[in-house]
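A short write-up of the structure that comes next.
The values are calculated or read from the model by the stated rules, or taken from the named source; none is laboratory data. These figures come from a predicted structure and were not determined experimentally. As a convention, Cβ positions derive from the backbone with ideal geometry for all residues, glycine included, and neighbour counts pool all protein chains shown. Just the protein is used for accessible areas: all its heavy atoms, side chains included, with ligands, DNA and RNA removed. Shrake-Rupley method; radii C 1.70, N 1.55, O 1.52, S 1.80 Å.
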Amino acid sequence: MYHIIMNPTSKSGKGLSIWQTLRPVLDERGIPYMLHESACPGDVEKLTQQITSTQHRTNLILLGGDGTVNEALQGIADFDKVSIGYIPTGSSNDLARALKLDHDPVTLLSQILAGTHAHIVDLGILTYESASEITSRLHQRPVHKSRYFVVSSGIGFDAAVCEEALSSSIKNTLNKFKLGKLTYLCIALKQLFAAKAISCELILDGERSIYVPRLLFCTFMNHAYEGGGFYFCPQADNSDGLLDLCVVGDLPKLFLLFALPTAFFGKHYIFPKIDHYTASSIHLKTSAPLWVHTDGEVSTKSSQISISCLKRRIRFLV
């Protein structure tokens, strides 16, 4: 039995049309399945909780974007008993890019059903040591003290971009022309000039302390890409038990206009004040609350967070 969670609104409604292409394949092959359709934010987490609360192994297929996967992670009762098939229908699809998934949904479904290959990847967990009363405009439910992530988490500029993108009319318009990946670049340019200088202290693996007097953003990555194809951490290995950090500090904003496009090619480390680190656990404290994201999902601002990596905890069927 396959449990299928489908987000019909992903990629401006194309999630539903992709499902309508896949349903005949399942029916013709006589594959037993149960469809669960999300209707609003929070539904995917609740559905996943219900599906995975049994003592049996669960085969879960997710149709949606990176945000759909992130919501599902929050609801999984036991990662050792769940195999996930992911059919991307979102606009950024950084997870699909990292897992090198086939672009054709029917081919990808066939590979999932065959079950002959699996990626077993690391799982990140972020804990809010402090949480601001300021919450995302689309976040209408209590903020979890901890949140899982599979692609990346971040604080500062990149999270502010994600927060605006979640409710952006630009995103919906560009998706209609198959240019959804430009959403993040357009919003990034806007947020770049609005960003304020905040100081930051990072403690890596409980030992190494790094002080950043003017932080633009810090991202913690299991995979190499985030934000619709930004190649922030080319060295990232999704099964090594380590998070790769891209820390952007006191770089003049005009320099950042040149640096940001180079991140599509992973060449941004040639610029000063852009640094790379690795660690299995990180504690971060900022002088003022900043937006925080997990896999592009933003719920609140925080001035103190802890992040760690759980080695090889998620099984993806590909």
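At a threshold of 8 angstrom on Cα-Cα distance, excluding pairs fewer than six apart, so keeping six or more, what relative contact order does the chain reach in percent?
23
Nearest 500 deg cm²/dmol is fine: what mean residue ellipticity at 222 nm does the chain get from its DSSP H runs of n ≥ 4 alone, each adding -39,500 (n - 2.57), divided by its residue count?
It comes out at -9000 deg cm²/dmol, rounded to the nearest 500.
With every protein chain present, what accessible area does ASP275 have (1.4 Å probe, heavy atoms only), rounded to the nearest 10 Å²?
Surface open to solvent at ASP275 totals about 70 Å².
Can you match percent of Cα pairs over 31 Å apart to one of these, (1) 36; (2) 27; (3) 31, based on a calculation from the structure here?
(2)
Taking Cα atoms, how many degrees apart are the long axis of helix 66-75 and the longest axis of the chain, rounded to 10 and kept between 0 and 90?
Computed tilt is about 80 degrees.
Give the relative contact order (percent, whole number) for the range 1-91; include only Cα pairs under 8 Å separated by 6+ residues.
About 37 percent, as a whole number.
How much length is gained if the chain between ILE31 and ALA118 is pulled fully straight, taking 0.36 nm per residue apart and subtracting their Cα-Cα distance, in nm to one decimal?
Full-extension gain reported as 29.4 nm.
LEU35: accessible area at probe 1.4 Å, nearest 10 Å²?
Approximately 70 Å² of LEU35 is accessible to the 1.4 Å probe.
Could you tally the net charge around ASP295, taking each other residue with its Cβ under 10 Å from the Cβ of ASP295, Lys/Arg +1 and Asp/Glu -1?
-4
Taking all protein chains as present, what is the carbon and sulfur share of the accessible area of the range 28-94, in % to the nearest whole number, probe 1.4 Å?
About 47 percent, which is the carbon plus sulfur part of the accessible surface.
If a/c stays under 1.5 just call it rounded; otherwise compare a/b with b/c (prolate if a/b is bigger, oblate if not). Do that for the range 1-108, with a ≥ b ≥ c from the square roots of the Cα gyration tensor eigenvalues.
Rounded shape, in that the Cα axes give a/c under 1.5.
Give the accessible area for ARG208 in Å² (nearest 10); use a 1.4 Å probe, count only protein heavy atoms, and leave out ligands, DNA and RNA.
Using a 1.4 Å probe on the heavy atoms, I get roughly 130 Å².
For THR135, THR116, THR294, give me the order by solvent-accessible area with a 1.4 Å probe, most accessible first, ignoring ligands, DNA and RNA.
Ranked from most to least accessible, the order is THR116, THR135, THR294.
On the accessible surface of the range 180-273, probed at 1.4 Å, how many percent belong to carbon and sulfur atoms?
After summing per-atom areas, the C and S share lands at 62 percent.
Write down the accessible area per residue of the chain in Å², having rolled a 1.4 Å probe over the full set of protein chains.
Each residue of the chain exposes 44 Å² on average to a 1.4 Å probe.
Checking the table LYS145/LYS267; LYS253/LYS273; LYS145/LYS273; LYS14/LYS267; LYS81/LYS311; LYS267/LYS311 against a 23 Å threshold on Cα-Cα, which pairs fail?
In this structure, LYS145/LYS267; LYS145/LYS273; LYS14/LYS267; LYS267/LYS311 exceed 23 Å between Cα atoms.
About its Cα centre, what dipole magnitude does the range 182-239 give when the only charges are +1 on Lys and Arg Cβ and -1 on Asp and Glu Cβ, stated in debye to the nearest 20?
380
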